[in-house]
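**Q** Before anything else, here's the structure in question.
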Amino acid sequence: MDRPTRKSLKRKLEQDFEHENQSRHKIPATDGFETHQKLTSSIQSLVDILNSTFSSLEADRAAAKRATNALSQIAKNEEAVDTIVNCGAVPALVLHLQTPPPLRGENGPKLHEHEVEKGSAYALGLLAVKPEHQQLIVDAGALTHLVELLKRHKSADNSRAVNGVVKRAADAITNLAHENSGIKTRVRIEGAIPFLVELLEHADNKVQRAAAGALRTLAFKNDENKNLIVECNALPTLVIMLRSEDTAIHYEAVGVIGNLVHSSPHIKKAVLLAGALQPVIGLLSSSCSESQREAALLLGQFAAADSDCKVHIVQRGAVKPLIDMLESSDVQLKEMSAFALGRLAQETHNQAGIAHNGGIVPLLRLLDSKSGPLQHNAAFTLYGLVDNEDNVADLIKVGGFQKLQDGEFIVQQTKDCVAKTMKRLEEKIHGRVLNHLLYLMRVSERNVQRRIALALAHLCTPNDRKVIFLHKNGLDLLLGLLESGSLKQQREGSVALYKLATKATLVSPVDSAPLSPTPLVYLGEQYVNNPTLSDVTFLVEGKRFYAHRICLLASSDAFRAMFDGGYRERNAKDVEIPNIRWDVFELMMRFIYTGSVEVNINIAQDLLRAADQYLLDGLKRLCECTIAQDISVENVSLMYELSEGFNAMSLREACILFILEQFDKLCTKPCWQGSGNDVCGGGGEETDWYDFETDLYHWTKPLRPVQWYPGHIAKTEKELKEQLKLMDVVIEVRDARIPLSTTHPQMDVWLGNRKRILVLNREDMISKADRNAWATYFARQGIKVVFSNGQLGMGTMKLSRFAKSLAASVNVKRREKGLLPRPVRAGIVGYPNVGKSSLINRLLKRRMCPAAPRPGVTRELRWVRFGNDLELLDSPGIIPMRISDQSAAIKLAICDDIGERSYDVTDVAAILVQILTKLPTVGAKALNNRYKMDADDFCGKIFVQKLSVHLFNGDTHQAAFRILSDFRKGKFGWAALERPPR
């Protein structure tokens with residue numbers, strides 16, 4: 001039984017108990033005004049009552065009943081559970097699971113018969129919710145007595161009291177055995193399983209549910225318990241329960257069966273022989289989403305290896321409800337449905353049926369999911385569907401090829417599956433499939449024609465290209481995409497055309513770069529760095545460079561904005577240039593004064609950066625031409641990245657032409673294999689990097705969901721949306737260690753087409769390789785990115801320049817309208833604790849905004865002025881109301897970008913240990929060196945427990961906090977927790 005199920009069971013126990021005991025018992029106060037000492041004293045007095053009232057006297061039984069009920073009420077507050085245990089309540093409660101010895105001459109029923117035992121079982125069940133107390137309760141002898149309580153259902157007096165005590169006993173066994181294999185075995189040895197199976201046929205629905213819940217827990221990952229449950233003939237009753245109209249009963253029943261068949265083929269066969277298939281299919285239409293989810297998972301398990309069963313599942317009507325579930329808003333429900341369809345789609349007879357029932361389009365939509373398992377299950381299903389030739393045209397017609405080609409897939413297994421699907425599609429493009437596609441390319445609407453042409457450019461054989469693209473007008477469709485107003489369509493068309501160009505015309509990089517523009521009127525060489533008539537001086541590396549405003553104003557928009565706008569340089573005599581070397585700056589100025597310079601390859605890249613910064617297009621083209629002459633097989637990927645980073649289109653074209661010309665040589669290089677149309681597929685360690693994303697999903701799945709949404713954020717979000725309308729440029733700050741996890745999912749919607757600068761703060765906390773990988777990734781998306789260190793002020797000058805240059809057009813337009821210039825408005829947004837306020841303080845060079853190394857310090861919007869030409873809006877961190885991706889939530893917790901109250905420090909530290917041992921740049925060795933203890937067992941929880949004993953006298957909380965603190969301080973070395981998706 002998973003953690004959410006367990007929590008819901010606890011809530012159900014609490015609700016049942018409150019209903020039975022409302023207004024009948026006075027419970028010791030445990031509100032905020034009650035001191036810990038008073039609470040401890042109250043609990044101790046209740047324990048003393050239990051220890052002194054184990055008898056059949058009427059007064060003792062009544063007192064014991066009140067004491068057990070009071071302890072149960074207190075135990076509902078998990079913070080009080082440890083106190084209850086420390087006061088010695090466990091032995092006292094176990095004692096009262098038994099019937100006290102009768103009084104002399106007593107023959108009739110005892111007062112409060114079954115009630116005291118029921119209260120004791122309930123209290124012990126609540127204490128067992130904390131795993132650390134489970135073994136203590138078992139060692140006190142609770143299991144034997146709980147099993148005896150299960151037997152009471154056989155008594156002649158089948159009253160409500162008997163039903164209540166039997167139910168509480170079953171619930172207590174459920175909580176004791178949760179995720180504890182040793183206790184599961186003890187339960188079997190104590191003989192509880194046969195009695196729990198008998199209780200499945202009990203007349204009381206609550207008792208049935210409790211028994212099924214216990215069996216579900218006992219069957220999870222315990223083969224001996226599974227076999228005994230089956231031997232006790234539980235399957236017929238469970239199958240009947242599947243048909244129950246009570247959603248709670250059929251939910252528990254399908255859960256038991258799911259745990260029984262998991263990794264047990266012989267039990268799976270027995271379940272099918274017992275007639276479970278049709279009732280399980282019926283649950284796909286249940287009103288209970290949990291039952292639907294369990295049923296879909298179970299059908300996927302049924303279909304995993306049995307070909308006949310796959311056919312039977314489809315024949316009995318499972319496909320349509322499974323496809324309907326793909327449209328659900330419940331991510332887990334979609335995941336289980338895609339899992340089941342994926343197994344069914346590997347059978348030839350089922351593939352056409354899934355497509356015919358409308359399965360292709362929702363499956364393609366799931367490829368955009370941010371959930372790795374959901375993506376993979378959808379991709380695996382599509383892999384099966386394209387094995388049927390009748391489905392290929394339908395998939396291509398709705399844009400399936402483009403989805404598969406352009407999708408951003410989270411885990412490596414999904415990428416491999418998509419690659420196999422593309423290969424399978426390629427193998428199908430011939431004969432009747434090709435004829436069908438050519439027919440659709442002729443008669444369908446324009447969008448469908450273009451999708452088919454794009455797909456065929458990548459998939460068709462060389463022998464078919466002439467027919468498709470010349471005789472059937474496929475080439476006209478691709479050329480039409482280049483004239484489209486959509487950049488995406490232009491890109492798709494150009495990529496398809498390059499794919500078709502198997503033999504590119506030999507064009508040298510020199511010829512491909514445009515020539516320098518024709519010189520206009522320049523001041524001349526004699527005025528370069530000449531103080532004569534100079535009216536502005538630049539300070540570069542401590543040296544003075546004498547310049548003339550009239551020449552600078554005529555050279556570029558950047559200098560016009562600097563000297564003719566409202567910036568402080570307008571009236572400044574000396575202008576500091578902090579980020580350009582002297583020799584580079586001197587050559588750039590020489591170009592401004594003369595219109596031509598000799599660009600040496602050794603200085604060309606730095607000069608290109610300077611020319612891009614100051615908008616000198618002519619100089620940029622000269623630099624591009626020089627760099628293009630130096631392109632080689634070894635550096636072409638770096639040259640391409642350079643062209644993307646500085647919008648050097650001529651250099652980019654030269655790189656593409658070089659790639660086409662030298663394609664055969666490039667394909668033999670490791671970094672190019674499998675990279676498709678990307679310039680470089682990434683480093684060799686990427687496979688290792690992506691492996692742990694899948695593990696991280698499974699590590700976080702059983703944990704309590706991490707959610708944090710302070711009250712001020714909703715108000716801030718509403719105000720921020722209004723303020724964004726006034727922004728000239730938006731600066732989004734992210735944590736450089738987790739750039740994907742620290743972007744709000746609605747950010748793109750809020751910003752629309754507004755100019756954006758992306759700041760990756762805390763660059764000092766990641767490696768150079770991580771920095772380069774992210775710089776390349778965002779450059780290819782056309783996003784300007786600045787790496788910064790808000791604590792030391794690194795990157796702030798570049799950020800200021802970016803913001804002003806992006807918004808420079810604002811005042812140009814205002815001047816054209818006859819309006820006075822105004823300061824550029826820039827909003828700084830991002831997740832909590834990513835360093836927004838620290839960045840502003842560094843820009844202003846004074847502490848204007850409150851900042852501290854914890855989330856939630858800034859709680860309201862605040863405008864601050866940066867000089868006369870820039871206004872900054874500091875905003876509180878904004879975070880989604882619900883974090884659906886728990887892998888991302890755990891990363892936020894690890895990096896301290898989310899409130900500490902929202903997560904369990906021990907769980908997060910345990911996952912961090914497992915992540916660090918997976919990272920090639922860290923590994924178990926770093927943990928061993930730091931704490932002088934072994935981390936090779938790769939279990940985070942065990943490592944935290946060992947560390948707590950080693951350094952903190954068994955305090956796991958302190959041990960966990962130390963691990964997180966050490967990571968945040970870089971004690972294991974600096975490393976990012978995310979790398980760009982490929």
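**Q** Taking the alpha-carbon centroid of each part, what is the distance from region 52-109 to region 387-446 in angstrom?
**A** If we compute the Cα centre of each part, the gap is 68 Å.
**Q** Report, to one decimal in Å, the Kirkwood hydrodynamic radius for region 233-314 based on all distinct Cα pairs. Working shown, then result.
**A** On the way: mean 1/r = 0.0813 Å⁻¹.
Radius from the Kirkwood sum: 12.3 Å.
**Q** Let me ask something else about it. Mind listing the long-range amide H neighbours of residue 731? Cut-off is under 5 Å, sequence gap 5 or more, other chains count too, H placed in the peptide plane at 1.01 Å from N.
**A** Sorted by chain and number, the residues that satisfy this are 757, 827, 828, 829.
**Q** Limiting things to C-alpha atoms, what are the Rg and the maximum Cα-Cα separation (Dmax) for region 715-766, in angstroms?
**A** 12.1, 35
**Q** Still on this structure, please answer the following. Along the Cα→Cβ direction, 7 angstrom out, place labels at residue 331 and residue 104. What is the inter-label distance in nm?
**A** According to this spin-label approximation, the distance is 7.0 nm.
**Q** Next up: Which of the GluC sites (Glu not before Pro) found in region 377-463 are in a DSSP loop and have at most 10 neighbouring Cβ atoms, other than their own, within 10 Å?
**A** Details: sites: 389, 408, 426, 427, 445; in loops: 408, 445.
Hits after loop and neighbour filter: 445.
**Q** Taking 0.36 nm per residue of sequence separation and subtracting the Cα-Cα distance, how much length would be gained by fully extending the chain between residue 357 and residue 160, in nm to one decimal? Mind dumping the intermediate values first?
**A** Numbers: separation 197, 0.36 × 197 = 70.92 nm, distance 4.96 nm.
Result: 66.0 nm gained on full extension.
**Q** Further question: Please order 863, 699 by the number of other Cβ within 10 Å, starting at the fewest. Could you put the intermediate results ahead of the total?
**A** Numbers: 863 11, 699 19.
The order, fewest Cβ neighbours first, is 863, 699.
**Q** Taking H as built 1.01 Å from N, whose amide H comes closer than 5 Å to the amide H of residue 824, not counting residues under 5 places away?
**A** 870, 871
**Q** Next question. Return a whole-number percent for the relative contact order of region 306-410, with Cα pairs under 8 Å and 6 or more residues apart as the contact set. It would help to have the intermediate numbers written out before the result.
**A** Details: 125 pairs, mean separation 28.3, N = 105.
It rounds to 27 percent for region 306-410.
**Q** Moving to a separate point now. Output ³J(HN,Hα) for region 410-418: one whole-Hz value per residue in order, computed from phi by the Karplus curve 6.51 cos²θ - 1.76 cosθ + 1.60 with θ = phi - 60°, and x for Gly and Pro.
**A** So the J values, rounded to whole Hz, are 7, 10, 5, 4, 5, 4, 5, 5, 5.
**Q** Using Cβ contacts closer than 10 Å as the measure, can you line up 289, 838 from fewest to most? Walk me through the numbers before you get to the answer.
**A** On the way: 289 16, 838 24.
In increasing order of surrounding Cβ atoms, one gets 289, 838.
**Q** Would you calculate the separation in nanometres between label points at residue 370 and residue 596, each defined as 7 Å from the Cα along the Cα-to-beta-carbon direction?
**A** It works out to 5.5 nm between the two label points.
**Q** Same structure again: Just the number: Rg to Rh for region 379-452, Cα atoms, Kirkwood Rh, two decimals.
**A** On the way: Rg = 12.5 Å, Rh = 12.7 Å.
Result: Rg/Rh = 0.99.
**Q** Can you give the FRET efficiency to the nearest 0.05 for residue 55 and residue 86, using r as the Cβ-Cβ distance and R₀ = 30 Å?
**A** Values: r = 26 Å, r/R0 = 0.87.
Given R0 = 30 Å and the Cβ-Cβ separation, E is 0.70.
**Q** So if we plug the beta-carbon distance of residue 243 and residue 221 into 1/(1 + (r/R0)^6) with R0 = 22 Å, what FRET efficiency do we get, rounded to 0.05? Kindly include the intermediate steps, with their values, before the conclusion.
**A** Values: r = 27 Å, r/R0 = 1.24.
So the FRET efficiency works out to roughly 0.20.
**Q** Within region 451-468, what residues put their amide N at less than 13 Å from the label point 7 Å along the Cα-to-Cβ vector of residue 430?
**A** Inside the label zone: 460-464.
**Q** Order these by the 10 Å Cβ neighbour count, fewest first: 643, 328. Walk me through the intermediate numbers first.
**A** On the way: 643 24, 328 15.
If I rank by nearby Cβ atoms, fewest first, I get 328, 643.
**Q** Which FRET efficiency value, to the nearest 0.05, do you get for residue 537 and residue 560 by plugging their Cβ-Cβ distance into 1/(1 + (r/R0)^6) with R0 = 22 Å? Before the final figure, lay out each step's value.
**A** Values: r = 19 Å, r/R0 = 0.85.
That gives a FRET efficiency of 0.70.
**Q** Here is a follow-up. Karplus couplings for region 370-385 from phi (6.51 cos²θ - 1.76 cosθ + 1.60, θ = phi - 60°), rounded to Hz, Gly and Pro as x?
**A** Result, rounded to whole Hz: 8, 8, x, x, 5, 4, 5, 5, 5, 5, 5, 5, 5, 4, x, 5.
**Q** What share of all Cα pairs of region 886-968, in percent, falls into each consecutive 5 Å distance bin?
**A** 3, 16, 29, 27, 16, 8, 1
**Q** Under a point spin-label approximation (7 Å from Cα along Cα-to-Cβ), what is the residue 467-residue 747 distance to one decimal in nm?
**A** 4.9 nm
**Q** Now, a different point. Tell me the GluC sites (Glu not before Pro) within region 70-177 that lie in a loop according to DSSP and have at most 16 other beta-carbon atoms within 10 Å.
**A** Details: sites: 78, 79, 106, 113, 115, 117, 132, 148; in loops: 106, 113.
When the GluC sites (Glu not before Pro) of region 70-177 are filtered for loop state and at most 16 Cβ neighbours within 10 Å, 106 remain.
All of the numbers you see were taken from the coordinates with simple rules; none came from a lab. A quick note: this is a predicted structure, and the numbers were derived from the prediction, not measured. Virtual Cβ from ideal backbone geometry, glycine too; neighbours counted across all protein chains shown.
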